[in-house]
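Structure first, commentary second.
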Amino acid sequence: MAEELIDKVKQLIIDALRIEGMTPADIETDAPLFGEGLGLDSIDALQLVVAMEKEYGVVVPDAATGTKVFRSVRSMADYIAEHRK
């Protein structure tokens, strides 16, 4: 179940951010999403929050929580698994 959710989260990132030419296999599960990893920014984070709410019914209530949630694909998947409705 965990690996399946991780793959779905990778696809969610690709779809939500409209990243062309990238597949889920291209995204490292434990790499940082911001900075050196995928190089996402705050606007990308907002798009991911909306996508997570739409797809999984998961709410990221504040920036401090978002910092933890968007550390990596694995942290996103863990948060979704723990909070989805």
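The values are calculated or read from the model by the stated rules, or taken from the named source; none is laboratory data. This structure is a prediction, so every number in the text was calculated from the model and none was measured. Methodologically, a virtual Cβ is constructed for each residue, glycine included, from the backbone with ideal geometry; neighbour enumeration extends over all protein chains shown.
Summary table
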| quantity | calculated |
| --- | --- |
| Some residue of the stretch 34-43 being buried (at least 16 other Cβ atoms within 10 Å of the Cβ), under 12 Å from the mean Cα position of the chain (by Cα) and under 19 Å from LYS85 (Cβ atoms) | no |
| Qualifying position, being loosely packed, with under 12 Cβ neighbours inside 10 Å, outside any helix (DSSP H, G or I) and not hydrophobic (A, V, I, L, M, F, W, C), among LYS85, LYS54 | LYS85 |
| GLU28, sole failed condition from (1) touching a residue at least 40 places away in the same chain (Cβ under 8 Å); (2) touching a helix residue (DSSP H, G or I) at 6+ places or on another chain (Cβ under 7 Å) | (2) |
| Contacts under 9 angstrom Cβ, first residue in the stretch 51-73 being within 17 Å of PHE34 (Cα to Cα), partner of a type in the set (D, E, K, R) and surrounded by 13 or more Cβ atoms within 10 Å (Cβ to Cβ), 6 or more apart | VAL69/ASP78; PHE70/ASP44; SER72/GLU28; VAL73/LYS10; VAL73/GLU28 |
| Selection count, the stretch 1-33, where residues are more than 13 Å from the chain's Cα centre (by Cα) and under 21 Å from ALA81 (Cα atoms) | 5 |
| Residue, farthest from THR65 (Cα to Cα), within the stretch 16-31, restricted to residues that are surrounded by 15 or more Cβ atoms within 10 Å (Cβ to Cβ) and not β-branched (Val, Ile, Thr) | PRO24 |
| Residue ID - modelled with the lowest pLDDT, chosen from residues in the stretch 21-51 that are among the acidic types (Asp, Glu) and part of a loop (DSSP other than H, G, I, E, B) | GLU36 |
